[in-house]
Amino acid sequence: MTPAQPQPWPASPPPPDTHAPIEGARRCDVTPQAHQTPISDEHDVLLLDLDGTVYRGKQPTPGAAEALLRAAARAIFLTNNASRRPSDVAIQLQSMGVAATARDIVTSAQSAALLLASQLAPEDRVLIVGTDALAEEVSKVGLRPVRHYADAPVAVVQGHSPTTGWQDLAEAALAIRDGTLWVATNLDVTFPTDRGLVPGNGSMVAALRAATEAQPQVAGKPGSAMIEAATARGTFCAPLVIGDRLDTDIAGANTAGLQSMLVLTGVSTPLDVLHAPPAARPTYLAHNLQALTMPSASLRIASDPAWHIDLDHDTATISTTDHGLCVDELSMVRAIAAAVWQHHSAPPRRFVAADTTARAALQDAGLPSG
């Protein structure tokens, strides 16, 4: 957004009414000051989602490589996408200017293989619905990957593959209907790409649920197994989980009892944040990974002296205050979320702007105004 010029304040103003809308509030992008500690320096490891967080398809998200390069904390990448080998993911990150090796990648395929191994005997056959990368992880834990129901599998593992078709689902359905163990790497219904959101593994899992009336065990986020695997790769005391999905990345962080930051470069939206159940509420909210260079106080979901939020049933009325502070749409969203969560209110469905600054912020945040 284009910053507005600050409006002059009266030299001797009367005692302020902090609930009154002030048309002269300054809208601006918040940038860190030299003396402020960036949030990345408050943590010793960043547990980052990939698709929709670090990149979308083949394109990095804004400022991702630069922010990670500047961060003092170690970066470990956790992805629910089971379609690729850790080494292939590391090569893609390196091509974008992000320092990473296979050791820095944790995939839901790895977690699914370990989950299977904990319940099966060595050399048991597992029907693969997914890529060769998923099959390789199953082999690494001493199990035998197969592709057909006729091979008599004792388990089915299902992960994302862009080539999954009817025949793959049919083979799995026959096995699942026979009572075999069924493990899904993840339940992400959509998958962010540089072209937009496309069906994810969860959509394919839904097809098998409908066909078999069975429910899979789930290996990936929001379960804690991937986070536990990541934090076991070093000695860390202050992890920060970063992702673009409330239902997987943020819920997974809360399951593990860790702080989290939602970025808006993938699936979840500002409106989703306001409607998030307690188990999926982030600690921080940011546009993208460039926020790693900003102080945590400017990103935390909390009340904000620049905004007054009035909640009345399903309506939130928003106005700026006379504190002369810089504001942007995410500072407003954080303030609304804090008010809703603090008062245990039902999420607002209608947003009313009491001044032009609030109106512009609502528009920028994509919230329905009335």
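Tabulated data
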{"quantity": "Pick from the range 267-284, criterion within 11 Å of the chain's Cα centre (by Cα) and of a type in the set (S, T, Y), ranking: surrounded by the fewest Cβ atoms within 10 Å (Cβ to Cβ)", "calculated": "T269"}
{"quantity": "Criterion: surrounded by 14 or more Cβ atoms within 10 Å (Cβ to Cβ) and modelled with pLDDT of 95 or more - qualifying residue of W182, W166", "calculated": "W182"}
{"quantity": "Residue in the range 326-370 that is surrounded by the most Cβ atoms within 10 Å (Cβ to Cβ), counting only those that are among the basic types (K, R) and touching a residue at least 24 places away in the same chain (Cβ under 8 Å)", "calculated": "R334"}
{"quantity": "Enumeration of residues in the range 231-272 that are under 18 Å from L292 (Cα atoms) and either basic (K, R) or in a helix (DSSP H, G or I) (or both)", "calculated": "R245, D249, I250, A253"}
{"quantity": "Residue match in the range 191-200 (condition: surrounded by 14 or more Cβ atoms within 10 Å (Cβ to Cβ), in contact with a Ser or Thr (Cβ under 6 Å, 6 or more places away or on another chain), at pLDDT 95 or above and under 23 Å from A211 (Cα atoms))", "calculated": "yes"}
{"quantity": "Filter result for the condition that a residue is in the same structural domain as G159 (by the TED database), more than 30 Å from R350 (Cβ to Cβ) and free of Cβ contacts under 8 Å to residues at least 40 places away in the same chain, over A214, A256", "calculated": "A214"}
{"quantity": "Qualifying residue in the range 285-306 (condition: surrounded by fewer than 23 Cβ atoms within 10 Å (Cβ to Cβ), among the polar types (S, T, N, Q) and part of a strand (DSSP E or B))", "calculated": "no"}
{"quantity": "Any hit, the range 323-334, residues being closer than 21 Å to R281 by Cβ, at pLDDT 95 or above, small (G, A, S) and not in a strand (DSSP E or B)", "calculated": "yes"}
{"quantity": "Condition broken by Q215, with the remaining ones in (1) within 16 Å of D244 (Cβ to Cβ); (2) outside any helix (DSSP H, G or I) satisfied", "calculated": "(1)"}
{"quantity": "Hey, L264 surrounded by fewer than 24 Cβ atoms within 10 Å (Cβ to Cβ), of a type outside the set (F, W, Y) and in contact with a helix residue (DSSP H, G or I) (Cβ under 8 Å, 6 or more places away or on another chain) or not", "calculated": "yes"}
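Every residue, every condition in (1) touching a Lys or Arg at 6+ places or on another chain (Cβ under 8 Å); (2) charged (D, E, K, R); (3) outside the structural domain of A280 (by the TED database), yes or no:
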position	(1), (2), (3)
D132	no, yes, yes
G142	no, no, yes
Y149	no, no, yes
A152	yes, no, yes
Q158	no, no, yes
Q167	no, no, yes
D194	yes, yes, yes
A207	no, no, yes
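The values are calculated or read from the model by the stated rules, or taken from the named source; none is laboratory data. What you see is a predicted model, and the numbers here were worked out from it, not measured in a lab. Note that each Cβ is placed from the backbone with ideal geometry, even for glycine, and that neighbours are counted across all protein chains shown.
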